[in-house]
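Input: a single structure, listed below in structure tokens.
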Amino acid sequence: MHTKLFAKLTAIVFCLATVSFAASGCAVPDTTHLPGSIMLDVGHEGMVVAEDGKVSSAKTGKGTQSSILGWITSGDASIEAARKDGEISKISHIDYHASHILGIIGDCTTIVYGE
């Protein structure tokens, strides 16, 4: 009798922990946007802008980092990785995009513009 009760309580605690973990949006751990526990798809434009617009935005480079449950993360979303991807020597401005679904699978992308 006690074994069945213990198994039920363990299952309930596990389910509650899993639901609260998934609802926290942990696949994209960033504080620059409003959280979305079911879905998130946001972008921020012009995080860095060149002085007086003296640098054109003729080239684009991206750096992306992906995550599963916040446990397994891969990729490089650094400004330097995006700059190298677009072969950019002078940065005009930088955009940012983040998305996730249920906090399970998510990604963050840094987009660098310049010449």
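Can you work out which of the residues in the range 44-94 that are modelled with pLDDT under 90, of a type in the set (Ser, Thr, Tyr) and not in a strand (DSSP E or B) is farthest from the chain's Cα centre (by Cα)? Only one residue fits best here, namely Ser56.
Just to verify a result, which residue in the range 72-95, among those that are of a type in the set (Ser, Thr, Tyr) and surrounded by fewer than 21 Cβ atoms within 10 Å (Cβ to Cβ), is nearest to Met39 (Cα to Cα)?
If we filter the range 72-95 for residues that are of a type in the set (Ser, Thr, Tyr), which is where we start, we get 73-74, 78, 89, 92.
Cutting the leftovers down to surrounded by fewer than 21 Cβ atoms within 10 Å (Cβ to Cβ) gives us 73-74, 78, 89.
Values: Thr73: 18, Ser74: 20, Ser78: 23, Ser89: 35 Å.
Checking each candidate, the answer is Thr73.
Being under 14 Å from the mean Cα position of the chain (by Cα) and at pLDDT 90 or above is not true of Ser99.
Checking the condition surrounded by 13 or more Cβ atoms within 10 Å (Cβ to Cβ) and modelled with pLDDT of 75 or more, which residue from Gly25, Gly106 passes? Spell out how you get there, then give the answer.
Values: Gly25 fails: modelled with pLDDT of 75 or more.
From the options Gly25, Gly106, the qualifying one is Gly106.
For the range 28-37, the criterion of being modelled with pLDDT under 90, under 12 Å from the mean Cα position of the chain (by Cα), buried (at least 18 other Cβ atoms within 10 Å of the Cβ) and in a loop (DSSP other than H, G, I, E, B) is met by at least one residue.
The values are calculated or read from the model by the stated rules, or taken from the named source; none is laboratory data. What you are looking at is a predicted structure, and each value in this text was computed from that prediction instead of being measured. So basically every Cβ, Gly included, is an ideal-geometry build from the backbone, and we count neighbours across all protein chains shown.
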